[in-house]
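Engineer: The structure under discussion is supplied below as structure tokens; questions concerning it will follow.
The values are calculated or read from the model by the stated rules, or taken from the named source; none is laboratory data. Predicted model only: the values in this text are computed from it and were never measured. Reconstructed Cβ throughout: ideal geometry from the backbone, glycine too, with neighbour counts over all protein chains shown. Side chains are part of the model used for accessible areas, which takes the heavy atoms of the whole protein and leaves out ligands, DNA and RNA. Shrake-Rupley method; radii C 1.70, N 1.55, O 1.52, S 1.80 Å.
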Amino acid sequence: MRLIFQFYFLAIFSFTVISCKSEKEEKFMPKEIYKTETLVIAQIAKNSYQHTSFLQTEDFGYVPCNGLIVKNNNETIVFDTPTTDKASKELMEWITKQLNCNIKAIIPTHFHDDCLGGLQAFHEQKIPSYAYFKTIDLAKANHYTVPQNSFNDSLKLSIGSEFIIAKFFGEGHTRDNIVGYYPLDNIMFGGCLIKELDATKGYLGDANTATWSRTVDKIKKEYPNLKIIVPGHGTLGNTELLDYTSKLFKDDEIENK
């Protein structure tokens, strides 16, 4: 009987230790790991990094612009370029030297220069670019650097032994805005379609505010348990960002029904 008790005690103790260890491993505190005047990089999950560059605008001043780097094995995929070719070169150098990784693809999430302003630098390094077909059309029409490969509705790319999904859910910030999802870290790059908490509506020159809320609701329905969401500008969060963005534009949807 004593041996049986010892066995159960050890089993329970081992399970408790493993559970506590797993709980600790799941928690990850974001930390800034690189910073210059033109580029900031923060590790925000075990395999994911937020890059932030800056854009001078007439209406909103000097604006920080986010992008996302996801990693597996020795490969990375980048969502949105930094705002300039100079900052893009800096980012690529950091990825190759500090992460010791190849860049498999660059994916701009819409046609504005806070998403593809540094695209030419990626092309010069023979890094393939992928974009929603409307992004390619709009980049051509506005005489921007044009992404090389198009997709309709959604794109799935392998990265190491994992994969990413880029998908168009509907119009909002622009007619072509997509989001990027990385299942390994359960993280989404929402780009300018998704607002940080307490943000204003921002630039609406190319927006469809009547469908914006509905588009975000579709994302929430498909990915109800997202752990991290990175907006195009401002502070990252979780699904609260989807709720906030949807609410922000809900009146526009109602008015246009």
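Engineer: Which pairs have Cβ atoms under 6 Å, sit 6 or more apart or on different chains, and link a residue in the stretch 69-94 that is closer than 15 Å to I127 by Cα and acidic (D, E) to one that is assigned to a helix (DSSP H, G or I) and open to solvent by 30 Å² or more (accessible area, probe 1.4 Å)?
Structural biologist: D85/Q120
Engineer: Can you pull out every residue in the stretch 128-145 that is of a type in the set (A, V, I, L, M) and surrounded by fewer than 19 Cβ atoms within 10 Å (Cβ to Cβ)?
Structural biologist: Start the filter on the stretch 128-145 by keeping residues that are of a type in the set (A, V, I, L, M), which leaves 131, 136, 138-139, 141.
Across the stretch 128-145, the qualifying residue is only A141.
Engineer: Given the conditions (1) without any contact (Cβ under 8 Å) to a residue 24 or more places away in the chain; (2) surrounded by fewer than 21 Cβ atoms within 10 Å (Cβ to Cβ), report the number of the one that G170 does not fulfil.
Structural biologist: Among (1) without any contact (Cβ under 8 Å) to a residue 24 or more places away in the chain; (2) surrounded by fewer than 21 Cβ atoms within 10 Å (Cβ to Cβ), the lone unmet condition for G170 is (1).
Engineer: May I pose another question? Among the residues in the stretch 105-117, are any more than 14 Å from L68 (Cβ to Cβ), free of Cβ contacts under 8 Å to residues at least 40 places away in the same chain and either open to solvent by 10 Å² or more (accessible area, probe 1.4 Å) or within 15 Å of the chain's Cα centre (by Cα) (or both)?
Structural biologist: Taking every residue of the stretch 105-117 in turn, at least one turns out to be more than 14 Å from L68 (Cβ to Cβ), free of Cβ contacts under 8 Å to residues at least 40 places away in the same chain and either open to solvent by 10 Å² or more (accessible area, probe 1.4 Å) or within 15 Å of the chain's Cα centre (by Cα) (or both).
Engineer: Looking only at the stretch 235-257, count every residue that is open to solvent by 30 Å² or more (accessible area, probe 1.4 Å) and not polar (S, T, N, Q) and tell me the total. Can you show your working first?
Structural biologist: To start, the set of residues in the stretch 235-257 that are open to solvent by 30 Å² or more (accessible area, probe 1.4 Å) comprises 235-236, 238-240, 243-244, 247-248, 250-251, 254-257.
Subset that is not polar (S, T, N, Q): 236, 240, 243-244, 247-248, 250-251, 254-255, 257.
Qualifying residue count for the region: 11.
Engineer: Is it true that some residue in the stretch 113-135 is assigned to a loop (DSSP other than H, G, I, E, B), in contact with a helix residue (DSSP H, G or I) (Cβ under 9 Å, 6 or more places away or on another chain) and closer than 26 Å to L204 by Cα? Steps first, answer last, please.
Structural biologist: Just the residues of the stretch 113-135 that are assigned to a loop (DSSP other than H, G, I, E, B), to begin with: 117-118, 125-128.
Keeping just the survivors that are in contact with a helix residue (DSSP H, G or I) (Cβ under 9 Å, 6 or more places away or on another chain) gives 117-118, 125, 127-128.
Next cut, closer than 26 Å to L204 by Cα only: 117-118.
Taking every residue of the stretch 113-135 in turn, at least one turns out to be assigned to a loop (DSSP other than H, G, I, E, B), in contact with a helix residue (DSSP H, G or I) (Cβ under 9 Å, 6 or more places away or on another chain) and closer than 26 Å to L204 by Cα.
Residues checked against (1) over 18 Å from N66 (Cα atoms); (2) touching a residue at least 12 places away in the same chain (Cβ under 8 Å):
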position: T174; (1), (2): no, yes
position: P183; (1), (2): yes, yes
position: E196; (1), (2): no, yes
position: G205; (1), (2): yes, no
position: P224; (1), (2): yes, yes
position: L236; (1), (2): no, yes
position: D252; (1), (2): yes, yes
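Engineer: Moving on. Examine the stretch 149-157 for a residue that is open to solvent by 20 Å² or more (accessible area, probe 1.4 Å), within 14 Å of D80 (Cα to Cα) and out of contact with any Lys or Arg (no Cβ under 6 Å at 6 or more places or on another chain), and state whether such a residue exists.
Structural biologist: Scanning the stretch 149-157, I find no residue that is open to solvent by 20 Å² or more (accessible area, probe 1.4 Å), within 14 Å of D80 (Cα to Cα) and out of contact with any Lys or Arg (no Cβ under 6 Å at 6 or more places or on another chain), so the answer is no.
Engineer: Return the total of residues in the stretch 36-68 being free of Cβ contacts under 8 Å to residues at least 40 places away in the same chain, more than 12 Å from the chain's Cα centre (by Cα) and crowded, with 20+ Cβ neighbours inside 10 Å.
Structural biologist: Of the residues in that region, 0 qualify.
Engineer: Which condition number does Q50 fail, the rest of (1) touching a Cys at 6+ places or on another chain (Cβ under 9 Å); (2) closer than 23 Å to K126 by Cα being met?
Structural biologist: Among (1) touching a Cys at 6+ places or on another chain (Cβ under 9 Å); (2) closer than 23 Å to K126 by Cα, the lone unmet condition for Q50 is (1).
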